Structure formats: C-alpha cells, structure tokens
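What follows is a single structure, written as structure tokens, with notes after it.
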Amino acid sequence: MKLFDYVLSGNCYKIRLLLDFLELSHEKQAVDFFPGREHKSDAFLQINPLGQIPVLEDDGAYIRDAQAILVYLASRYDPTGTWWPVNDPSELGRVAQWLAFADSITSTASAARLHDVLGYDLDVAQARAGAHKLFRILDDHLANQELQGFNWIAGSNPTVADVACFPYVALAGDGGIELFYYPAIQRWIRRFVNLPRFKLMPGINIFN
Amino acid sequence: MTPDTFTRSQWYAIGRLPDFEGAEAKPVRLLSQDLTVSDAAGVLSVNDADGRSLLTQIRYGHLWTTLSDTPRPLYDMPEFDEPDRRLVTVGGVGVRCSGLRCVENFLDMAHFPFVHTDILGVEEHPSVESYDVSMDAEKDEIWATKCKFFQPMASAAASGGQMTEYKYRVPHPYSTILYKTCPIREDVWDLVGLFIQPVEEDECIVHSFILVFDEENTDTGLLHFQQNIFLQDRMILENQVPRKLPLDPRWELPTRADASSIAYRRWLKANELQWGVALFNEAA
C-alpha cells in the first residue's frame, strides 16, 4: 500500500492518522506539492486527473479524495467495524454527513492556511469567515454530544468523521483562525491527540 | 517607519527562479513597498510602484533585489560552486512576525528538544553546551562556532542519533546559515539557510535552502524534511510577543545559551537598525 503524501497537507494527514490508528504498514511517496506543484504535473495527472493529493495505491488500484480513502481503509481493514460503522445505519448516516462537512472545512480553513503559509492568492477574509461559521456549528454539535455523554462527532467512539474533520480544525491557527471561541472543539482536540498511536503534525498547538 | 539605512542597503531574496517563469508584473512586497517582477524571455526585472527599475541579481537559486542604488555586496557562499552538492530550494513560507525574530530563533539551539522533539533534539538532552561567538570584522558578520547538540535525526540522511557539530553564520540582518556535520562525509559541512524577505516590520516570507551531500534521499524527501521542521518553528514564531524584535535590554533576560542572539542584537544596534524593532515604551 502506498500513500502519495505531502508533509504539510492536512488532507494527507487524515490518511496518515488512520493508517497509524489501524496499524497498517505502508510506504509513502513524497509529492512536491509546494513549491514544485508536482500534483499538477502530467505524470501526476495520470494518477489523479483532478490534480489533488492524497492518493492511495492499494492492490493495483488508485483511490483519490481524502474522505473516500478514509472510507475505503476503514471498510476494508478495520476488524472492529467502528471507524466506518457499517452495521449501524443511523450512526453511519451521521458519519457520512460529517464527511461532507469536512470537505467544507477544507475549502475554508485550509484555504486560509494556504494563503497565510504558502502565499496562495485568494480571498482570505472570506475563507476565515466561512471557517468560523462552520466551527460555530461544530462547537455547538460537540457540546451537545458531550451533554448526551458522547465524546465524538458521531457517537461514543471515534469514527472516520473525527479523522476527516480533525486536521484542518486543529491547524486553523496556521491560517489566522483562533480556536479560542470554541471550547467544545478544544476539548475534542485534546481527546483526539490522546488517542493511541496519534502523531502530531506541525501547526497543531496542543497547549491551547 | 521607513527602513533605516542598514536595512535599506541590503539585497533581499524575493523568490525562487521558477516562481517567476512567465511572470507579467507579478506583485511582490518588500520592506512595506509594492514591487512587481516581470519575465521577458528569461530576463527577470523588478520595478517599484513608481515604475523605477530596481537592481537585481540571480544567486543561490533565488532572485534578489534591493531598494538601494548602492547596496552592500551580497555575501559569498563558495559552497554553492562545489561539485556533488545538492541544492533544494524550499519555497517561501509566510510568518506573522519580524524576520529578525526568525533569524534569532534559527540561532537558538535551546528550542530543539521542545519544538523539534525527536528530530533535532530529545527532551532528555536539553542542555546547550557553551560555544564561541566571534565577529568577522572584515566581512562584518557574526560566527558562532563549536556548537554541539545531541540530535536523534539531524538531517534526512541521518540514520540514528549523533552529536552534531554546528557553526552558525549571520552575514546579513535577514539571512542566516547553518553549517552542520555532514552525516555521510568527513570534513565537510552541510548547509541549511534562511533568506528572509521582510514584507512589513512584523511580517515576513522565509525562503530557505538546503545544500547538502546526500546520496539517499530524493529532492522531495529533503524538501519535506525541511518544510516539516520550519512549520514547527513557524507556530512558535507566531506566538511570540511582541511580533517585532525587542532590542531593549530591559525587556528580556539573556542567558549564556543565548550568546549568539546577544551578538546578533548588538550587531543590529551597532548598525543602527530600527525597522522591525519593537520599542520598549510601545510594550503591551
């Protein structure tokens, strides 16, 4: 199994996290996303015509899209069936719903980070405002979950929904987005970093 | 504040060469001024907001420019001409603090075990042994030598922990170069350096490079190693208060481990550098 990986990418970090959580041996191929824009090169477009990372190669097939890779890995390699709870349709529905939410976090919080860190030319005020709107929703949701005794986004155990949402929320500070206003998000981040086999990525401030 | 003479008289890297391929008046910000870079059939030119053409030179994999008509010469790094060395230009990373703070952080070995845990340092070996700091009066630059630090993974080519020997050089208020023991060759140094583009007094873009002997890693592998390290620094740098560099001795209490930082601050003061410096009476 091979992950086409960029060290500063939150979307690649999602995959690295789940590979470690599931203790799956794999190799990584470093992609020069910045400054080389290798993901837009002809060779890489053969692998993913969308010109995006991450891509996972497994059993001779390429799987693209961070959320899709998470679903694939959990469905195929999680013997406990908890990360992608296929046997519990109502929980599964909630997980899928928050996977779509994770994509919206990418288009806002991740965009602000690309602007501030790597100099991408985009409307950073709009990206930050969009992220704050989503973080308010996530914070309220996590606070409600806690009131019902649930520590995680979709229920009582972590799922791919948590893995999908975590990186760009936890890395928001890189893009000038303060997490100060979101106490339930901060508590969730602290629980997440204490998961077994969790590995930190630069930009995540665990002392918040 | 307009930049002081020392700041204004320097050359500044404003990007890697490929960053300007086919550029048509690409905007670049330097010392609180809007500049543009254009590429006319492979010849790069830089203009200021009034259309005045600025001096340029291409060196060390980057395009350099200056606001001065009579700049101080750009410092030499003869290692760039040595055969077999690999150059990786890491790309510009934006940081919300004075570029002077980035230089100072780069010189500070005490943060290795805590910021670059299990890569450039381990928490069990936090102490900084004493090292020598000297001024090269002729070239007007600072050298810190005989720096030693235990590093579990000193570079991408390292296969295990080693006592790494370092030399630091500050030849420019916004540049610093690290010379470190090469893990695979004797009697040579690997270079890692920062070319900082001061955007505002409290904001900068850090262009960095690696110039190493390494037969094992791909360029992209070296790039990832360096970017990962620098993003660890970035978070610390953005949390420093104030964002400009405090030069007033009433502000911070230095220790022996900060000898290179003390020399750097003295040197900035001796050259009457003011732009990017926090004033004590402005303190929060």
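Per the Debye formula with a single identical scatterer at each Cα and no solvent contribution, what log10 I(q)/I(0) holds for chain A at q = 0.15, 0.16, 0.19 Å⁻¹?
Listed by q, the Debye log ratios stand at -0.95, -1.09, -1.50.
Got the relative contact order for chain A handy, in percent, Cα pairs under 8 Å and 6 or more residues apart?
This gives 21 percent for chain A.
Just want the answer: with Cβ charges of +1 for Lys and Arg and -1 for Asp and Glu, which residue in A:Ile63, A:Cys165, A:Gln29 is farthest toward the dipole's positive end in chain A?
In chain A, that residue is A:Cys165.
Work out which helices of chain B, taken as complete DSSP H runs, extend at least 27 Å along their axis over the Cα atoms and score a mean Kyte-Doolittle of -1.0 or more, then list them.
Those that clear 27 Å and a mean of -1.0 are B:219-238.
Please report, in debye to the nearest 20, how large the charge dipole of chain A is about its Cα centre when each Lys and Arg carries +1 at its beta carbon and each Asp and Glu carries -1 there.
340
Using a simple charge model, +1 on the beta-carbon of Lys and Arg, -1 on the beta-carbon of Asp and Glu, nothing else, what dipole does segment A:89-193 show about its Cα centre, in debye to the nearest 20?
Approximately 220 debye in magnitude.
To the nearest 0.05, what FRET efficiency results for B:Glu82 and A:Ser41 with a Förster distance of 25 Å applied to their C-beta separation?
0.25
Using only the alpha-carbon atoms of the protein assembly as shown as identical scatterers, what base-10 log of I(q)/I(0) does the Debye formula give at q = 0.07, 0.10 Å⁻¹?
The computed values of log10 I(q)/I(0) come out as -0.40, -0.83.
For segment A:80-108 and segment A:19-68, compute the distance between their C-alpha centroids and round to whole Å.
21
How big is the Cα convex hull of chain B in projection, averaged over all directions, in nm²?
Taking the Cα atoms of chain B, their convex hull projects to 15.2 nm² on average.
Rounded to the nearest 20 Debye, what is the dipole magnitude of the protein assembly as shown about its Cα centre when Lys and Arg each give +1 and Asp and Glu each give -1 at the C-beta?
900
Please name whichever of B:Ser98, B:Met163, B:Tyr179 sits farthest to the positive end of the charge dipole of segment B:78-203, dipole taken about the Cα centre and charges placed at Cβ: Lys and Arg +1, Asp and Glu -1.
B:Met163
Could you check the spin-label model distance between A:Ser104 and B:Ala41? Points 7 Å from the Cα along Cα→Cβ, value in nm.
Roughly 5.3 nm, to one decimal.
Would you mind pulling out the separation of the Cα centroids of segment A:132-166 and segment B:72-88, in Å?
Segment A:132-166 and segment B:72-88 have Cα centres separated by 51 Å.
Compute the length gained on full extension between B:Ala49 and B:Gln33: take 0.36 nm times their separation in residues and subtract their Cα-Cα distance, giving the result in nm to one decimal.
Gain in length upon complete extension: 5.0 nm.
Skipping prolines and chain starts, which residues have an amide H placed within reach, meaning under 5 Å, of the one on B:Gly15, given they are 5 or more residues away or on another chain?
Answer set, sorted by chain and number: B:Leu63.
Taking 7 Å along the Cα-to-C-beta vector as the label spot, tell me the A:Ala68-B:Ser127 distance in nanometres, rounded to one decimal.
Label-label distance for A:Ala68 and B:Ser127, simple model: 5.6 nm.
State the answer as a single residue: which of B:Ile262, B:Ile236, B:Ala278 lies farthest towards the positive end of the charge dipole of segment B:225-284, with beta carbon charges of +1 for Lys and Arg and -1 for Asp and Glu, about the Cα centre.
My answer, from the dipole projection, is B:Ile262.
Running a GNM on chain A with Cα contacts under 10 Å, which residue among A:Leu45, A:Leu114, A:Leu138 ends up with the highest mean-square fluctuation?
Result: A:Leu45 has the largest fluctuation of those listed.
What's the extension gain from B:Asp118 to B:Asp140 if we count 0.36 nm per residue and subtract their Cα-Cα distance?
Working it through step by step, the gained length comes to 4.4 nm.
Apply 1/(1 + (r/R0)^6) to the Cβ-Cβ distance of A:Lys2 and B:Asn281, taking R0 = 51 Å, and write down the FRET efficiency to the nearest 0.05.
Approximately 0.30, to the nearest 0.05.
Sorted from fewest to most neighbouring beta carbons within 10 Å, what does the list B:Arg72, A:Arg197 look like?
A:Arg197, B:Arg72
For segment B:216-284 and segment B:130-154, what is the separation of their Cα centres, given in Å?
16
Over all directions, what mean area does the Cα convex hull of segment A:2-77 project, stated in square nanometres?
Projected area, direction-averaged: 4.6 nm².
Measuring from label point to label point, each 7 Å out along Cα→Cβ, what is the B:Ser159 to A:His132 span in nm?
Calculated label separation equals 5.3 nm.
Using the 10 angstrom Cβ neighbour count as an exposure proxy, how do A:Arg113, B:Arg250 rank, fewest first?
The fewest-first ordering by Cβ neighbours comes to B:Arg250, A:Arg113.
Since every read-out is calculated from the coordinates, none of them should be taken as a lab result. Predicted model, so just to flag it, every value in this text is computed and none were measured. Positions of Cβ are generated from backbone atoms using ideal geometry, with glycine treated the same way; all protein chains shown enter the neighbour counts.
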